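Step one of this worksheet: look at the structure below.
The values are calculated or read from the model by the stated rules, or taken from the named source; none is laboratory data. Bear in mind that the values here come from a model prediction, so they are computed numbers and not experimental data. Counting neighbours? That spans all protein chains shown, and the Cβs are built from the backbone with ideal geometry, glycine included. Each accessible area value is taken on the protein alone, full model and side chains, heavy atoms only, with ligands, DNA and RNA left out. Shrake-Rupley method; radii C 1.70, N 1.55, O 1.52, S 1.80 Å.
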Amino acid sequence: MSAAGAEMRYPPIQNGMDYLRSVVAHLDREEPGPQDLKYAVLHLQAATEVLLKALLVSLDWTQVFSKPVEADQLAYQQGDFNSCKIDDAIKRLRARGVEIAPEDKGNITHLAQQRNRLQHFGLTAAAPAIESRAAQVLDFLIAFVSDHLRPGVQGADRQHLDQEMLRVREALPRIRGYSAIIMDRIAPELAGREWYTLRCPDCAKWALLAEGGETRCLFCETDWYTEVFPLVYAVGVLGHSQRDLRETPGGPAEQCPECGAQSLIGEAYVAARPEEAVQYCFGCSTVFNGLESCLRCGQLYQPGPDQVAICNDCLGSLG
């Protein structure tokens, strides 16, 4: 049958919701296969980018250009321009008062990295990690669409949007269900080790044990070398830019005053106090609070009650 005369109409919000429906279709099954996981990652990243930029356009269409100063109305209407990256879209939305939590940004950044690896190099990732991350990004997008995009949609388009959102909401608990089963299974092994348990940069579950110089997630069974993990954590959990961190001398890691390894990160969160930032060494699994840089040698040290601004080694060398 000929499709002559048919018109493809996919406004941004409808397009984003169509991608979300595809994500749910691929994940809402007992055992998603490799192809299901692949398309779930690709379509979820596409949905996130489309929906974030839809809001950005509604606030200021010039901001969706990679260089807003070069924004051109005709190029925009024809779709003939380079749009901003997803990290830039988040920064520009935040600058206009849209709240996107660091944890949500971390999930989105990780998703974009997975999509890039999958698209260009192939991706090897545990199914539980992909499902867990996908569920959290889906959760964020449902709230994002409801809070920021739905108010601007009227009539039949709003009714269609509500129907699509209902489908995603209904499927989300089932997608989460598999994660709950695994968490229940590993709970006894995590019990009593809350000071060594952190959020995993791959699956985002509080199931990563950083203990005895080893870093391994019990949920998705991913492990890392200690010397590279501070960078992985800063990008995957804290949502920092990998490119920016690689350009920073020493990266996110500093030398630990306890074990001497270059594996201490200045901001980490452990299950014992998930809302309070600590300084954590992945080499010796030591939690610190209030470490400061010695004014004489620059190394980190724990100030004593006298609040002397140099470390004990430097004090000793001064006689």
Fill in the blank from the handout: Restricting the range 14-59 to residues that are open to solvent by 20 Å² or more (accessible area, probe 1.4 Å) and among the hydroxyl-bearing types (Ser, Thr, Tyr), the one nearest to residue 126 (Cα to Cα) turns out to be 39
Completion exercise
Residues of the range 13-27 being over 12 Å from residue 161 (Cα atoms) and over 22 Å from the mean Cα position of the chain (by Cα), in sequence order, are 25
Practice task
Name every residue in the range 182-207 that is free of Cβ contacts under 8 Å to residues at least 60 places away in the same chain and either aromatic (Phe, Trp, Tyr) or loosely packed, with under 11 Cβ neighbours inside 10 Å (or both), in order of residue number.
Solution key: 184, 188, 191, 192
Exercise for the section: Tell me, please, whether a residue that is part of a loop (DSSP other than H, G, I, E, B), open to solvent by 30 Å² or more (accessible area, probe 1.4 Å), farther than 15 Å from residue 196 by Cα and out of contact with any Lys or Arg (no Cβ under 6 Å at 6 or more places or on another chain) can be found in the range 273-287. Expected result: no
Problem - Test for residue 146: is it modelled with pLDDT of 85 or more, assigned to a helix (DSSP H, G or I), hydroxyl-bearing (Ser, Thr, Tyr) and in contact with a helix residue (DSSP H, G or I) (Cβ under 8 Å, 6 or more places away or on another chain) - result: yes
Exercise for the section: Just name the residue that is farthest from residue 113 (Cα to Cα) out of those in the range 63-98 that are part of a helix (DSSP H, G or I), β-branched (Val, Ile, Thr) and under 26 Å from the mean Cα position of the chain (by Cα). Expected result: 64
Exercise for the section: Only residues that are open to solvent by less than 70 Å² (accessible area, probe 1.4 Å) and without any contact (Cβ under 8 Å) to a residue 12 or more places away in the chain: list them for the range 290-308, please. Expected result: 293, 298, 304, 308
Problem - Those residues of the range 219-236 which are open to solvent by 10 Å² or more (accessible area, probe 1.4 Å) and aliphatic (A, V, I, L, M), in sequence order - result: 228, 231, 232
Handout entry: Residue that is surrounded by the most Cβ atoms within 10 Å (Cβ to Cβ) [pool: residues in the range 62-86 that are closer than 21 Å to residue 51 by Cβ and among the aliphatic types (A, V, I, L, M)]
Key = 64
Practice task
Could you run through the range 208-235 and say how many residues are under 13 Å from residue 268 (Cβ atoms), part of a strand (DSSP E or B) and without any contact (Cβ under 8 Å) to a residue 60 or more places away in the chain?
Solution key: 1
Fill in the blank from the handout: Those residues of the range 158-171 which are in contact (Cβ under 8 Å) with a residue 60 or more places away in the chain and either hydroxyl-bearing (Ser, Thr, Tyr) or open to solvent by less than 80 Å² (accessible area, probe 1.4 Å) (or both) amount to 160, 161, 164, 165, 168, 171
Problem - Filter pass, residue 259 being open to solvent by 60 Å² or more (accessible area, probe 1.4 Å) and either in contact (Cβ under 8 Å) with a residue 24 or more places away in the chain or aromatic (Phe, Trp, Tyr) (or both) - result: yes
Completion exercise
Only unsatisfied item for residue 145, checking (1) open to solvent by 20 Å² or more (accessible area, probe 1.4 Å); (2) closer than 15 Å to residue 12 by Cα, is (1)
Practice task
Consider residue 62 carefully, then state whether it is more than 29 Å from residue 135 (Cβ to Cβ) and out of contact with any Cys (no Cβ under 8 Å at 6 or more places or on another chain).
Solution key: yes
Problem - Pick from the range 186-207, criterion aliphatic (A, V, I, L, M) and assigned to a loop (DSSP other than H, G, I, E, B), ranking: nearest to residue 107 (Cα to Cα) - result: 204
Problem - Test: residue in the range 48-59 that is at pLDDT 90 or above, touching a strand residue (DSSP E or B) at 6+ places or on another chain (Cβ under 7 Å), more than 29 Å from residue 128 (Cβ to Cβ) and among the hydroxyl-bearing types (Ser, Thr, Tyr) - result: no
